[in-house]
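Please treat every number below as a calculation from the coordinates, not as lab data. Remember, predicted model here, so these are calculated numbers, not experimental data. When we count neighbours, we look across all protein chains shown, and the Cβ atoms used for this are built from the backbone with ideal geometry, even at glycine.
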Amino acid sequence: MTTFTDRILRRFGLLSPLVLVNANVAKAVKQKRIEDLQKIPRYPPFMEGLPVYPPETLLETQSELIRRIGEIIANKELLDTHYYPAITRLANMYQLLPASQSHHHRGAGGLLCHSLEVGLYSLQAADGKLIRGIVTPQQRRLIEPRWRVAIFFAGICHDLGKVVTDFTVTDRSGEIKWHPYICGLYDWATQNKLNNYFIHWNEGRGKSHTSIAATLFNGVVSKESRDWISEGSTDVMQWLSESLTNTPGAKNQIYENIVKSDQVSVERDLKSMGVAMAGYEIGVPIERYLSDIMRNLLREGVWRINEPGARVWCVKNHTYLVWPKAGDEMAQRVREENIPGLPKSVDGILDMMAERGIALVREEKGSPFFFVAPDVLTAKIPDLRLQCIRLRDQALLGSIPIASIDGSVVDKKDEDANANETSVLTNSGKHKAANTAQLQINLCDQTTPSGAAQEKDVSVAVEMQPPSPLVAKAVMVEQSEVQPSTAQPAEQPQSSVDTQPAKLTIATLSG
């Protein structure tokens, strides 16, 4: 018989898939569940209640976070035994509960997403670090894997107390209440044959949840995992307990990691969603819709990041969208989904993004766009420039940070001006060289000592060349220099001294 955990692991590609009699039907059913889940209202009030979903379906919406967790651990046995079972129980406990009423992660499923983010960020912060106080390699091999598991558990369980202190969950009538100390939210809903559940926020809750997370810890982390951590080091288990009760000791090597990771998760959500959505409980949530569209385009692979053909580029720690190509795809989604209140043209979407502060455009005269030159592209095509808009914050695209790559942001106006200046100087140099060569031929070919003949040849040389103020001025000087004196006898033979002005003039023109 296939276990529930096996089904979870199979969905994330960690076990071989079952041979389904009707694979197409199964795939369609799965897709329908996810589509229905994505239509759930993201922000309060939840007047219709929140629907009940199996934990495995909820975790499909967090597949990117779970994939990143698996990449960091890179140990299938540890993942299967400790990490994934705890994640599954967490989804069973939280379902679609929000993390707060009007602050960070206040949408449906916010508590689950926030908890997984803190777990992931905690692992990332600990990656490559060594636990202090370990002397021998044998101790390190024994303790460090347990320390990392404990860090992850502290991260995903840090807000467990909220299900007790922050709200009460009931059926529609308010008579059947969920008791978190007895079972998870999903188990309670299925036992009572409920399709929806309702949230009632508690007054005066404050920060009381921070001290009681440990009382619900056993509902998420199995006895097997708790025993395994204790076998390696009682200190690690003590640090974990201190972190969950918000009472860290002086030697605690877990607590600060969790606090900082929690702050990062909260900050990223407020930048991308929380503050932007303030006051939008009634009306069209413009920022949320636009962010959802961008996230879906990335999730589906329509948009790629930092590679040839990508729509999203992160250069010098700023995130850019290639425009108008990215705008075309966003506008197409708006039309397909018939989202009310959103413009359906590229220009309309850009205007709205700029007006709401979602995207930044240049305010100088000329082009409003940024011109980005990623090194990965200019290495092959040096003059390539991507016309882009800049996002206010990359958190609009998702909770996973995007790495910045090498490249530059070019001021196209200055670049064009430099190119024009270079072109003018190059052409001027060509004209000057041509004029010099022509004049040298005319002056050196003089066989008539007559000043009139010299003047005629110089004039012809000027008429044959393209207009150039610099050359014309020089030629006028040349004409005055070679003009013979009327008192000089016409029959006087040409001397070497008489040719010097012409040679000096040639030097002047070519200089």
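Assorted remarks:
- By the count of neighbouring beta-carbon atoms within 10 Å, fewest first, Ile199, Ile254 end up ordered Ile199, Ile254.
- Derived from the Cα gyration tensor, the three semi-axes of the equivalent ellipsoid of region 287-410 are 23, 16, 13 Å, largest first.
- Along each principal axis, Cα extent of region 117-271, largest first, Å: 60, 37, 23
- Footprinting exposure proxy for Glu224, Glu117, Glu175 (fewest neighbouring C-beta atoms within 10 Å first): Glu175, Glu224, Glu117
- Rough spin-label spacing in nm, given labels placed 7 Å along Cα→Cβ, for Glu267 and Glu364: 3.0
- Placing a pseudo-label 7 Å from each Cα along the Cα-to-Cβ vector at Arg299 and Glu224 gives an inter-label distance of 3.1 nm.
- When each of Lys316/Lys344; Lys223/Lys251; Lys76/Lys251; Lys271/Lys380 is checked by Cα-Cα distance, pairs over 28 Å: Lys316/Lys344; Lys76/Lys251; Lys271/Lys380
- Amide H to amide H, with H built 1.01 Å from N, Tyr197 comes under 5 Å of Leu50, counting only residues 5 or more places away or on other chains.
- Region 78-128 has equivalent-ellipsoid semi-axes of 22, 16, 5 Å, by the square roots of 5 times the alpha carbon gyration tensor eigenvalues, sorted largest first.
- Rough spin-label spacing in nm, given labels placed 7 Å along Cα→Cβ, for Ala354 and Leu130: 5.4
- Length added when fully stretched, His179-Gln191, from 0.36 nm per residue minus Cα-Cα: 3.1 nm
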